[in-house]
Amino acid sequence: MLDFTGPLESRNAVGDFCRAWADLAPAANLSFLLPAFSSARTEAAIDLAIRYGAASVVLSDVRNGAEVQRLDMALRVAEIRAGLAPGKTRIVALANASGILAASSFERCSNRLAALGWEGGYGPSSDTARVATGTIALAAAAAGIAAIDAVSPEMDAAAFLADCERARANGFSGKLCRGLDQVVIVNRIFSV
């Protein structure tokens, strides 16, 4: 996943990477992390993601299903401008606290919505994290889409492995992670 949430000058580097990636792995899918709508930079990031061949986009800090609908329409416009058939780019929504409380609004909000995740920075054993994980897992199941667990706080490999196993047992299809060392564990637990 390529991050478009940073400053504009970092987007030039992303463009260079995407061109090099297309030469190395033309069939590989790219995903882009978009800034939240509250940043007022989302539309520009959408245009760039479509231009660079995004298979999917990840929207952070999502408050409700209406924001997914808004993203769906912005993607449609960008796809048409780029000469692409509308509807190709998939959406992953990462719900914030408001989105967790409005989790039922994600059901049937967009045919593009492929996964629902959450973000919040709560310790995995906190009551808040348990409510959030349960709510997101149930909302994703009701919508018939994948559930993605939040990034874990800093922890050693054994604790991260246990956190991934807990997430899988609770119905999650994947997990956000902080580094390459965690990707190996995520792939092992969620690819079974």
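The values are calculated or read from the model by the stated rules, or taken from the named source; none is laboratory data. Please read these numbers as outputs of a predicted model, since none were measured by experiment. Cβ atoms come from the backbone with ideal geometry, glycine included; neighbour counts cover every protein chain shown. Protein only, heavy atoms only, side chains kept; ligands, DNA and RNA dropped before computing areas. Shrake-Rupley method; radii C 1.70, N 1.55, O 1.52, S 1.80 Å.
Numbers at a glance
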item: Failed criterion for R108 (all others in (1) at positive phi; (2) within 17 Å of the chain's Cα centre (by Cα) hold); result: (2)
item: Selected residue (only one of E9, E43, E79 is among the acidic types (D, E) and at pLDDT below 85); result: E9
item: Condition met for A49 (modelled with pLDDT of 75 or more, part of a helix (DSSP H, G or I) and either among the hydroxyl-bearing types (S, T, Y) or in contact with a strand residue (DSSP E or B) (Cβ under 7 Å, 6 or more places away or on another chain) (or both)); result: yes
item: Matching residues, segment 62-74, being part of a helix (DSSP H, G or I), farther than 10 Å from R112 by Cα and touching a residue at least 24 places away in the same chain (Cβ under 8 Å); result: G65, A66, E67, R70, A74
item: Pair list, Cβ < 8 Å and 6+ apart or interchain, from segment 39-61 residues that are more than 13 Å from T89 (Cβ to Cβ) and of a type outside the set (D, E, K, R) to residues that are part of a strand (DSSP E or B) and open to solvent by less than 50 Å² (accessible area, probe 1.4 Å); result: T42/L34; T42/L59; S60/L33; S60/L34; S60/L94
item: Residues of segment 174-183 classified as aliphatic (A, V, I, L, M) and surrounded by fewer than 13 Cβ atoms within 10 Å (Cβ to Cβ), total; result: 2
